[in-house]
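Let me begin by presenting the structure, written as structure tokens, before commenting on it.
The values are calculated or read from the model by the stated rules, or taken from the named source; none is laboratory data. Because the structure is predicted, anything quoted here is derived from the model rather than measured. Just so you know, the surface numbers come from the protein's heavy atoms only, side chains and all, with ligands and any DNA or RNA stripped out. Shrake-Rupley method; radii C 1.70, N 1.55, O 1.52, S 1.80 Å.
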Amino acid sequence: MQENDKKTLYQRPLELQGSTFKIKPSTDIPALYVTINKGEDGRIREVFVNTGGGPGDLEFAMVLGRIASAVCRMVDNPEFLVKELMDMFGEAFWAKTGENSMMFNGRVHAVGWCLMKAMEKK
């Protein structure tokens, strides 16, 4: 890492504000918990994805969260990431989203939806 790169790295403050979304499929797919933290400037700084599945699910969740976090820290507007995630297809399921239910085209699609909702909150 070069000296100039160190100056541009994100320095995490002690505390961030965020929201955790619970996506509970109506099938036997484990619930998905997506925590999205924002910095003082309102930009998404961290994304944590957790699922109650097995070791492969945990690795998938950690990688997806880290990549989403890195992208959100590196670009001014991560809308393209939301679009890419929501365009993914996997095992589709219905899940409650507050008072409503909606169809998700897989867990990656659900993470994209959570990011979209977090970006809508000012």
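A few remarks follow.
- Per residue, the solvent-accessible area of the chain (1.4 Å probe, heavy atoms of protein chains only, all protein chains present) comes to 65 Å².
- Residue among ARG12, ARG107, ARG43 with the largest mean-square fluctuation in a Gaussian network model of the chain, springs linking Cα atoms under 10 Å: ARG12
- The gain in end-to-end length when the ASN100 to SER19 segment is fully stretched comes to 27.3 nm, 0.36 nm per residue minus the alpha carbon separation.
- Extension gain, GLU120-ARG66: 0.36 nm per intervening residue step, less the Cα-Cα distance, totals 17.3 nm.
- Option label - P(r) over Cα pairs in 10 Å bins from 0, in percent computed here, alternatives [x] 13, 44, 31, 10, 2, 0; [y] 11, 33, 30, 20, 6; [z] 9, 30, 21, 14, 12, 8, 4, 1: [x]
- GNM top mover of ILE67, ILE36, ILE44 - the chain, alpha-carbon springs below 10 Å: ILE67
- 3J(HN,Hα) couplings calculated from phi for segment 46-58 with the Karplus curve 6.51 cos²θ - 1.76 cosθ + 1.60 (θ = phi - 60°) are, in sequence order, 9, 10, 10, 10, 9, 9, x, x, x, x, x, 5, 5 Hz; Gly and Pro show x.
- Close amide H pairs (under 5 Å, H built 1.01 Å from N) link GLY106 with GLY90, PHE93, residues at least 5 positions away or on another chain.
- Ellipticity estimate at 222 nm from DSSP helix runs (n ≥ 4, -39,500 (n - 2.57)) divided over the chain, nearest 500: -12000 deg cm²/dmol
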